[in-house]
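Notes follow once the structure below has been shown.
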Amino acid sequence: MKNLLLLVLVLFTYSASAQSFDEVKITKNWKSKIEDIAPAKARIKAPKRKLLVFSQHTGFYHWTIPHNDEMLKILAQKTGAFDVFIGHDIESFSASNLKKYDAVVFNNCNPAGPDRDLFTQLIKNNSSLSEDEVKALANEYEKGFMNYIKSGGGLMIMHGALTVQNNSEEFSKLTGGSFDYHPKQQEIHLIEVDKAHPMVQAFNGNGFTHVDEPYFFKNAYWDYNFRPLLYAEVDKIEGQRKEFNSDIVYLAWIKKYGKGRVFYSSPSHNAQSFEQPELLQFFLDGIQYVTGDLKCDDSPIGKP
Ligand SMILES: [Zn+2]
């Protein structure tokens, strides 16, 4: 009887935890585990690049923000392909600062809803300017950032960071889409759109299965002005709150923006997903794509 009770308890705990993970502590052990499974070298040999990782949120806090910082630093140190600089304030986005970097990584830098306007919120948090002055300055930062990408900069967007300037149609065209909502965390099976594409070689043709938040998108997403990399089947996703106008949802893509490049990866909400080395390789390849080193077909598929 006692054993049965224990079994029930174990099963219950397992099924509950399978859908939602607890925060992982960043310990020496965790870091060395990630270091062990991280790729030893970058796929493409190129000059050492400089990455600005922006890790400040003004809205929803993702517990993985520090894990992403550490994971990117581990990729940088182990491969020697790039250096990581972490940014936390609006000055990170000044033209003179941006030009020091080959690419910017948005690390779950979620702004607060419903405005979801990161630049405004970063300025507001630290100034005595009037509403109008804040708005004008935020517009300058937004335009300045878009110009940085347009003139050849790179942008890697990690998971929730797609919500940066989520209500700006122009910014949505830069990122490839805006965040709409996500059902509860669940096991998601991601499938390569084209198994031969250089950006999905990390998955060896097997796709990628993990527990994550299944994202749905809006605004510029429906222009399909990107080259999708991974998708999930919509009818396999539980807890949808509205009709989605397609049988599949793309959960990672790349795109050109002027002379620059953008990589979006919805994986991952959880640091547990990094324990599958495929995802680390995928991120590294994404970094090499946005820095312009990994050359591949990034032509948009366009509306069907
Ligand atoms: Zn999330």
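Overview of values
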item	result
Failed item in (1) within 18 Å of Q281 (Cβ to Cβ); (2) surrounded by fewer than 21 Cβ atoms within 10 Å (Cβ to Cβ); (3) in contact (Cβ under 8 Å) with a residue 40 or more places away in the chain, with E187 passing the rest	(1)
Restricting segment 44-60 to residues that are closer than 21 Å to G153 by Cβ and in a loop (DSSP other than H, G, I, E, B), the residue that is farthest from the ligand (Cβ to nearest atom)	P47
The listed residue being closer than 29 Å to G144 by Cα, touching a Phe, Trp or Tyr at 6+ places or on another chain (Cβ under 7 Å) and at pLDDT below 95, out of K303, K255	K303
Tally, over segment 204-217, of residues that are surrounded by fewer than 20 Cβ atoms within 10 Å (Cβ to Cβ), under 25 Å from S20 (Cα atoms) and more than 16 Å from the ligand (Cβ to nearest atom)	3
Helices (runs of 4 or more DSSP H) wholly inside segment 61-165 containing at least 3 residues that are within 16 Å of the ligand (Cβ to nearest atom) and either free of Cβ contacts under 8 Å to residues at least 60 places away in the same chain or under 30 Å from K41 (Cα atoms) (or both)	65-79
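The values are calculated or read from the model by the stated rules, or taken from the named source; none is laboratory data. In this text, all values refer to a predicted model and were calculated from it rather than measured experimentally. Heads up, the Cβs are rebuilt from the backbone with ideal geometry, glycines too, and the neighbour counts pull from every protein chain shown.
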